[in-house]
Each structure stands twice: as C-alpha cells, then as structure tokens.
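The values are calculated or read from the model by the stated rules, or taken from the named source; none is laboratory data. For clarity, every value in this text was computed on a predicted model and none was experimentally measured. So basically every Cβ, Gly included, is an ideal-geometry build from the backbone, and we count neighbours across all protein chains shown.
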Amino acid sequence: MKRRSFNSALIAGLGAPALVGLGTSAAFAQSAKKPATIRIGFPSAGTGGRPLPDSGFAANAVFRGEIEQEFAADGIKVEWKYFVGAGPALNESFANGLLDFCFGHGDLPLIVGRSTGLKHKILLSSSRGGNVYLVAPATSTAKSVADLQGKTLSVQKGTATQLRLYRVLGKYGFTEPEKQFRIISQILDDQRASLATGDIQGVLDTPWGLEARGVARRVAEIVDDWAITTPGSVWVGEAFEQQYPDIVQRIVTRLVKVAHWSTQEANREAQYQLWTRSGRNTYIDNKREWDRVKDLRNRINPLLDDYYVASIQKSIEETKKYRLTRREVSLDGWIERKYLNNALHDLKLENYWPRQDASGKFI
C-alpha cells in the first residue's frame with residue numbers, strides 16, 4: 001500500500017487582533033489554534049455496516065454527543081468514521097491522512113500499524129477485561145475445544161480477536177493454531193451467517209442472543225482471565241498532537257468525564273440500551289455480560305497502568321511469535337501520559353480507578 005504523509009487539518013478561527021508591541025509571530029502564538037474538523041475512527045461498525053460503535057465509554061461519547069458538545073462553541077466539526085474492515089482498515093485510513101484519532105484500537109492492529117511506520121501517540125486505555133466465549137453451531141456435537149481440532153474456525157484476521165483466539169486455543173493446549181485448526185477470515189456478519197449454516201465450527205462471539213435464537217451454543221467460556229484479554233487504546237496522530245495540544249487535552253478530559261459517568265451504577269441500564277444501537281449485541285447480551293461486573297470501574301478504566309503496559313508488551317511479543325509483524329516495535333516514546341494525568345488531576349479523579357499490576361492483579 002502506498003503511504004502518503006499525514007495531512008494536518010486546516011487551522012480555523014484565527015484573526016484575533018494583534019497585541020500592541022508583539023510581532024506577527026508572537027501575535028499568531030496568542031491566537032487560538034484549532035482545526036476545522038476533528039476526524040475520529042472506530043475499528044468496527046454495526047451490523048450491516050451501520051455507522052455506530054458498540055460498547056464502552058468511547059461508544060458512550062458518541063451516543064451522548066460529548067465531543068460535539070465540547071467543540072460546539074468553537075465551530076469545529078466532528079467527523080466519525082467506522083470501519084467494517086476493523087483495525088487493518090483503520091490503519092490504512094490513517095496512513096492516507098484521513099484520521100486524527102482512534103477511539104479504541106485493539107492490540108494486534110495497533111502494533112502492526114506501528115511496525116509499518118504509523119506515527120501516533122497512545123493517550124489512554126479504552127477498555128479492559130471481559131469474558132471470552134468460543135461458540136459452535138447449535139447443531140454441533142462438540143463438547144470441548146479438543147473436539148474442534150482440525151475443524152474450521154473463523155476470525156477476522158489482523159484484529160485483536162485473532163490474538164485472543166490464539167490465546168484461547170493455547171489455554172487448552174493448542175500452541176500451533178494455524179496448523180491444528182483451519183482458521184479462515186470473516187467479518188462479524190459473515191461469521192454469524194456461517195454459524196447459522198454450519199459452514200464454520202467455531203468462533204469467538206458473545207453467546208446469549210445467538211443461543212436465544214437457536215444459532216449457536218457455548219463450547220468454552222473463560223471468565224475474567226487477564227492473560228486472555230488485552231486493553232484497547234485511544235490514540236492521536238503525532239502531527240495533530242504537535243499542532244493542537246490544547247485540542248487533544250480537551251478530548252482526553254472529555255473522555256475521562258464520560259468514563260467516569262459510565263462507571264456510575266445509576267447509568268448501567270442506560271448503557272445497556274445505548275449499546276444495542278449498533279446491532280452487534282442484543283440487550284440480553286449486554287445485560288448478561290455486564291451484570292457479572294459488580295464494579296464497573298474494573299472494566300471501564302482509562303488508566304495506562306502497569307497492566308496496560310505489560311499487556312501491550314506481551315502482545316508485541318506474540319505478534320513476533322506468530323510472525324504477524326516483520327519489524328521490531330517498542331513502547332519507548334509511544335505512550336504519552338501527560339494528557340491523561342492532567343485530566344485526572346483537574347477532575348480530581350487521580351485515585352478513582354483501581355490500578356492493576358503487570359499480571360492483572362488489583363493493587
């Protein structure tokens with residue numbers, strides 16, 4: 001794919017009168033620098049490609065119009081982009097100068113993008129934790145993961161779910177997944193259609209709605225295993241961050257506010273309803289999955305703590321192990337904590353979220 005340099009958004013809103021005694025450059029520095037448009041990507045789209053996110057506090061920011069509200073008085077347009085092609089398609093869009101932010105990149109496409117030279121700064125974590133389910137067609141006779149050996153499993157390759165599938169299979173003793181199973185690549189809608197027709201024998205998916213419709217049943221269920229799941233990431237393009245640091249700070253602060261709202265018990269049911277809009281999960285999926293989470297802060301957590309760092313580092317090592325990247329990737333200079341730290345300080349939330357050590361244990 002041909003790479004083009006990142007094109008920063010146009011500066012708008014200049015024209016404040018020059019201050020007496022200041023030269024042209026000094027007066028320019030005093031003017032508010034702002035882009036005409038902020039372009040934000042999600043590495044997913046709703047059922048049928050509908051332009052909506054699915055779950056988490058970043059999705060809540062969309063549904064509640066939080067970013068638009070933040071910049072309404074500035075006249076800055078907010079443009080949302082959703083990618084049926086998930087993380088790899090988002091990488092391509094950013095490489096071609098079409099994005100400024102990503103609200104929730106999974107580990108594998110995040111790392112692959114970095115390995116190809118994409119320049120972005122990680123600002124906060126978009127999600128963490130969760131349960132993992134390997135489901136088979138409702139008519140399947142499989143009773144365990146071992147019963148699926150040699151059969152066709154589906155995953156959208158290049159996404160975080162690919163590494164998650166490898167970890168699930170590894171947990172049950174299958175250390176060479178591409179040799180021990182036939183693994184094909186499909187998007188979510190095609191996976192569910194293939195489950196219904198029996199053309200695939202296994203996939204990672206939220207089971208409740210599928211089971212209620214008689215489409216699938218669980219073969220394996222892994223609850224809150226921090227070695228299986230990895231955090232999502234919110235990032236900003238380096239060029240945008242260098243040109244508009246104040247805008248970046250306002251977005252991070254707004255996201256932290258939304259994350260705080262999203263952890264409030266009083267807002268739990270409202271979120272379940274919001275997350276059905278994309279069609280990816282039903283209300284019953286959201287309720288049964290999230291009712292298990294007694295403290296929402298444990299999963300809706302923006303921190304870049306020891307767990308976040310260790311988890312991304314582990315994923316970097318796994319991408320090398322499975323030969324999913326060809327170049328070395330380092331965390332050095334990639335994580336930019338100052339915006340999150342400023343937001344937590346200003347909102348008096350420095351001690352609100354629980355921290356985790358490298359193994360995922362709460363400390």
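Here GLN242 meets each of (1) over 18 Å from the mean Cα position of the chain (by Cα); (2) in contact (Cβ under 8 Å) with a residue 24 or more places away in the chain with one exception, condition (2). Of all residues in region 163-189, those satisfying the criterion of being of a type in the set (Phe, Trp, Tyr) and without any contact (Cβ under 8 Å) to a residue 40 or more places away in the chain are PHE174, PHE181. The single condition among (1) out of contact with any strand residue (DSSP E or B) (no Cβ under 6 Å at 6 or more places or on another chain); (2) in a loop (DSSP other than H, G, I, E, B); (3) buried (at least 18 other Cβ atoms within 10 Å of the Cβ) that GLN271 does not meet is (2). Considering only residues of region 314-348 that are within 14 Å of GLY158 (Cα to Cα) and within 20 Å of the chain's Cα centre (by Cα), which is modelled with the lowest pLDDT? It comes out as THR325. Within region 70-97, the set of residues being in contact (Cβ under 8 Å) with a residue 40 or more places away in the chain, assigned to a helix (DSSP H, G or I) and out of contact with any Pro (no Cβ under 6 Å at 6 or more places or on another chain) comprises GLU70, PHE71, ASP74, ALA89, GLU92, SER93, PHE94, ALA95. Residue pairs whose Cβ atoms lie under 7 Å apart, separated by 6 or more positions or on different chains, with the first residue in region 344-363 and on the phi < 0 side of the Ramachandran plot and the second assigned to a loop (DSSP other than H, G, I, E, B) and among the polar types (S, T, N, Q), are TRP353/ASN301. None of GLN356, GLN264 is in contact with an Asp or Glu (Cβ under 8 Å, 6 or more places away or on another chain) and either at pLDDT 95 or above or of a type in the set (S, T, N, Q) (or both) except GLN356.
Those helices (runs of 4 or more DSSP H) of region 139-211 in which 3 or more residues are farther than 17 Å from ARG323 by Cβ occupy 160-171, 188-197. The numbered conditions (1) crowded, with 21+ Cβ neighbours inside 10 Å; (2) not in a helix (DSSP H, G or I) are all true for ALA227 except (1). Whenever a residue of region 194-215 is of a type in the set (Val, Ile, Thr), its partners that are surrounded by 19 or more Cβ atoms within 10 Å (Cβ to Cβ), lying with C-beta atoms within less than 6 angstrom and at least six residues away or across chains, give the pairs ILE200/SER154; VAL203/SER154; VAL203/GLN191; THR206/ASN281; THR206/ASP285; VAL215/LEU195. Within region 72-125, the set of residues being buried (at least 19 other Cβ atoms within 10 Å of the Cβ) and among the aromatic types (Phe, Trp, Tyr) comprises TYR82, PHE83, PHE94, PHE101, PHE103. Just one of the listed residues (ARG299, ARG323, ARG288, ARG337) is assigned by TED's automatic domain parsing to the domain that holds GLY113, in contact (Cβ under 8 Å) with a residue 60 or more places away in the chain and out of contact with any Phe, Trp or Tyr (no Cβ under 7 Å at 6 or more places or on another chain), and it is ARG299. Does GLU221 meet the test of being farther than 27 Å from LEU108 by Cβ and loosely packed, with under 15 Cβ neighbours inside 10 Å? The answer is no for GLU221. Picking from residues in region 259-286 that are within 18 Å of the chain's Cα centre (by Cα) and small (Gly, Ala, Ser), the one that is farthest from PHE103 (Cα to Cα) is GLY279. Over 18 Å from the mean Cα position of the chain (by Cα) and either acidic (Asp, Glu) or surrounded by 15 or more Cβ atoms within 10 Å (Cβ to Cβ) (or both): is that true of ASP199 in this structure? Criteria met by ASP199.
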